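Let me begin by presenting the structure, written as structure tokens, before commenting on it.
No value in this document is a laboratory result; all are computed from the given coordinates. Because the structure is predicted, anything quoted here is derived from the model rather than measured. Backbone-built Cβ (ideal geometry, glycine too); neighbour counts: all protein chains shown.
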Amino acid sequence: MESGIDKAAALLRVSKRLTVLTGAGMSAESGVPTFRDPDGYWSRFNPAELATPAAFRLDPAKVWEWYRLRRAALRTVEPHDGHRILAAWEKAGRFHVDIITQNVDGLHHRAGAARVIELHGRLELARCTACAYRRDDLDDLGPDPRCPECSARLRPGVVWFGESLPEGAFDTAVECVSAADCLLVIGTSSLVYPAASLSEIAFARGVPTIEINPSDTPISDLVRVRIKRGCRETLLSLEAALAKS
Ligand code: BJW
Ligand code: ZN
């Protein structure tokens, strides 16, 4: 019987425009915890106390400390072969590749990908709660940092529950999915909206979808090809299959 890898490779071979949607499972094999797996962040921390605007208003130093620890952890990890393969596909020009990520760790960029839409912001970014000021050098940030331009409080440059996505990011993501010949959904539980609606848009428009995820998700029964394995080994297998053709 034809394997998921063969079916996925066949779809990729005839695609000119590939859109990739990634979630925390993509970074898991670099050593970054996911959110909702048994060892994920939300098994140890309460999202309502850390990842909402109300939590930040209540205790900004506590929230900043959590993000400081997350930034420190990022310094100990590297992109893996899967990140590098996606970046190499973009460079090789076999397809036009757009990566839409929910991840805030910057690992796609670090692997050399250029066309990356970061739906949920970035850990290495602080922005003012009142004006347009932003900074991405956060090394000497204090426990409750202020804006040098208007003295209002600075906040982590990520998207919390109940907040809108960065201006234009979702619209661009919808365009990338709509124009794609194939959507590759990697390592997301597909529970968080509006990111999860991107797969629904692909289904509605008849864009063939491949899911790479060792666990079941709400989209698993709706995708064209389902590969129930880790992202690194799967992308290595897909790369090998494409190299043969
Ligand atoms: C592997 C693997 C391996 C493991 N290889 N795979 C409609 C219905 C209900 C609720 C809502 C709705 N619309 C909006 C909402 C509210 C909310 C929401 O969706 N809640 C749901 C949880 C129900 N959404 C929002 O609030 C969003 N804003 C918004 O909608 O604004 C307008 C609005 C507001 C209010 C009401 C209505 C509309 C904003 C969402 C922001 C999410 N923020 C976070 C934190 C970012 C900052 C930080 O990092 O601290 O983003 S939450 C967290 O979840 C993070 C992630 O990006 C996001 C998605 O998680 P992801 O990536 O899918 O990770 P996991 O852990 O869930 O899954 C990992 C997967 O990997 C698993 O499936 C594993 O099996 C797999 N895996 N190893 C491949 N090796
Ligand atoms: Zn300001």
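Determine, for 63, 158, 185, the number of other Cβ atoms within 10 Å of each Cβ, and report the residues in order from fewest to most. Don't skip to the end; give the middle numbers.
Details: 63 22, 158 19, 185 26.
Ordered from fewest to most neighbouring Cβ atoms within 10 Å, 63, 158, 185 come out as 158, 63, 185.
Using a Cα-Cα cut-off of under 25 Å, which lysines could be cross-linked to residue 244, ignoring same-chain neighbours fewer than 8 residues away?
7, 16, 91, 228
What ranking do 123, 141, 183 get, fewest neighbouring Cβ atoms within 10 angstrom at the top?
Details: 123 21, 141 16, 183 28.
So the ranking, lowest neighbour count to highest, is 141, 123, 183.
Measure off 7 Å from each Cα along the Cα-to-Cβ vector at residue 91 and residue 164, then give the distance between these two points in nanometres to one decimal.
About 3.7 nm, to one decimal.
R0 = 45 Å: FRET efficiency of residue 65 with residue 114, Cβ-based, nearest 0.05? Show your work: numbers first, answer last.
Numbers: r = 33 Å, r/R0 = 0.73.
Once rounded, the FRET efficiency stands at 0.85.
For a label point 7 angstrom out from the Cα of residue 7 toward its Cβ, which stretches of segment 192-213 have the backbone nitrogen within less than 11 Å?
209-211
What number results when the radius of gyration of segment 26-118, computed over Cα atoms, is divided by 2.2 N^0.38 Å? It would help to have the intermediate numbers written out before the result.
Details: Rg = 15.5 Å, N = 93, 2.2 N^0.38 = 12.3 Å.
After normalising by residue count via 2.2 N^0.38 Å, the value is 1.26.
Give me the extension gain from residue 73 to residue 197: residue separation times 0.36 nm, minus the current Cα-Cα distance, reported in nm with one decimal.
Working: separation 124, 0.36 × 124 = 44.64 nm, distance 3.00 nm.
Here the segment from residue 73 to residue 197 would lengthen by 41.6 nm.
Let me have the 222 nm mean residue ellipticity of the chain computed from DSSP H runs of 4+ only, each contributing -39500 (n - 2.57), with the sum over all residues rounded to the nearest 500. Numbers along the way, then the final one.
Details: 11 runs with 93 residues, N = 245.
Value at 222 nm, helices only, nearest 500: -10500 deg cm²/dmol.
Rounded to the nearest 5, what % of the DSSP beta bridges within the chain are antiparallel ones? It would help to have the intermediate numbers written out before the result.
Values: 7 of 28 bridges.
Just about 25 percent of them are antiparallel.
Summing +1 for each Lys or Arg and -1 for each Asp or Glu, what net charge is found among the other residues whose Cβ lies under 12 Å from the Cβ of residue 174?
Values: positive: 205; negative: 98, 171, 175, 200.
Neighbourhood net charge equals -3.
Could you pull out the chymotrypsin sites (Phe, Trp or Tyr not before Pro) across segment 105-193 that fall in loop regions by DSSP (anything but H, G, I, E, B) with no more than 13 other Cβ atoms inside 10 Å? Don't jump to the answer; show the numbers that get you there.
Numbers: sites: 133, 160, 161, 170; in loops: 133, 160, 161.
Hits after loop and neighbour filter: 161.
Projected onto the charge dipole of the chain (+1 at Lys/Arg Cβ, -1 at Asp/Glu Cβ, origin at the Cα centre), which of 31, 152, 177 gives the Cα projection farthest towards the positive end?
Of the listed residues, the answer is 177.
If one puts a single equal scatterer on every Cα of segment 1-157 and applies the Debye formula without solvent, what log₁₀ I(q)/I(0) results at q = 0.15 Å⁻¹?
So the normalised log intensities work out to -0.89.
Just to confirm a number: summing +1 for Lys and Arg and -1 for Asp and Glu over residues other than residue 72 whose beta-carbon lies under 12 angstrom from that of residue 72, what do you get?
Values: positive: 68, 70, 71, 75; negative: 65, 124, 139.
Net charge around residue 72: +1.
Using a cut-off of 12 Å between beta-carbons, work out the net charge of the residues near residue 120 (Lys and Arg +1, Asp and Glu -1, residue 120 not included).
Details: positive: 122; negative: 105, 118, 163.
With Lys, Arg at +1 and Asp, Glu at -1, the neighbours total -2.
Among 121, 31, 162, which one moves the most in a GNM of the chain with springs linking Cα atoms closer than 10 Å?
Of the options given, 162 has the highest mean-square fluctuation.
For residue 44 paired with residue 204, estimate the spin-label separation in nm (one decimal), with each label point 7 Å from Cα along the Cα-to-Cβ line.
If labels sit at residue 44 and residue 204, their model points lie 3.9 nm apart.
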